[in-house]
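The values are calculated or read from the model by the stated rules, or taken from the named source; none is laboratory data. Predicted model only: the values in this text are computed from it and were never measured. Glycine also receives a Cβ, built like all others from the backbone with ideal geometry; neighbour counts cover every protein chain displayed.
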Amino acid sequence: MKIICITLFLTLAAMTNAQEKPTIQSTIIGLEKAALERWIHGDPTAFLELSAPDVVYFDPFLERRLNGIDELTKLYMPLKGQVNAEQFELIDPVVQATDKMAVLTFNFRSQVGEKLQKWNCTEVYRLEADGKWKIVQTHWSLTKPELK
């Protein structure tokens, strides 16, 4: 009986410990949600802080890819205080990961008054030497864009 109780205790302790340890998936989604929360309140610096120096960025309103944190900073900083949404939704996020790389894909919806904006997003994260996940590639596109 004593051995059964000890075994049960150790099993429950291991399960509790495993549940408390964040997964790569929960870490990446948590980073993205926190950055988006700041973004919709006019603070683009969260994504700059999350981005690696060699980040590349695609946006449907740009003619070419941006290369590096300096170019991304030049795009984002004029937006400080300009982006405001009442709410946002990260829809069906999926993280496909290895030990050092993770690809996050999701649909994004934000609401500003009566205006609903819908986007597709892909973010590629890399685990850096300091143990922090950083974005190395971002790709935003409009969901069902109007074609002329």
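Structural remarks
- Residues (assigned to a strand (DSSP E or B), touching a strand residue (DSSP E or B) at 6+ places or on another chain (Cβ under 6 Å) and either touching a residue at least 24 places away in the same chain (Cβ under 8 Å) or of a type in the set (K, R) (or both)) located in region 47-68: S51, A52, V55, V56, Y57, F58
- Selection of region 93-108 for residues being surrounded by fewer than 16 Cβ atoms within 10 Å (Cβ to Cβ) and within 19 Å of D59 (Cα to Cα) yields V103, T105, N107.
- Applying a threshold of 8 Å to beta carbon distances and a minimum spacing of six or more residues, or different chains, the list of pairs starting in region 79-100 at a residue that is within 15 Å of L116 (Cβ to Cβ) and modelled with pLDDT of 95 or more and ending at one that is loosely packed, with under 12 Cβ neighbours inside 10 Å and among the hydroxyl-bearing types (S, T, Y) is empty.
- T73 passes every criterion in (1) surrounded by 13 or more Cβ atoms within 10 Å (Cβ to Cβ); (2) modelled with pLDDT of 95 or more; (3) within 22 Å of T143 (Cα to Cα) apart from (3).
- Odd one out for A129 among (1) over 23 Å from P60 (Cβ atoms); (2) in a strand (DSSP E or B): (2)
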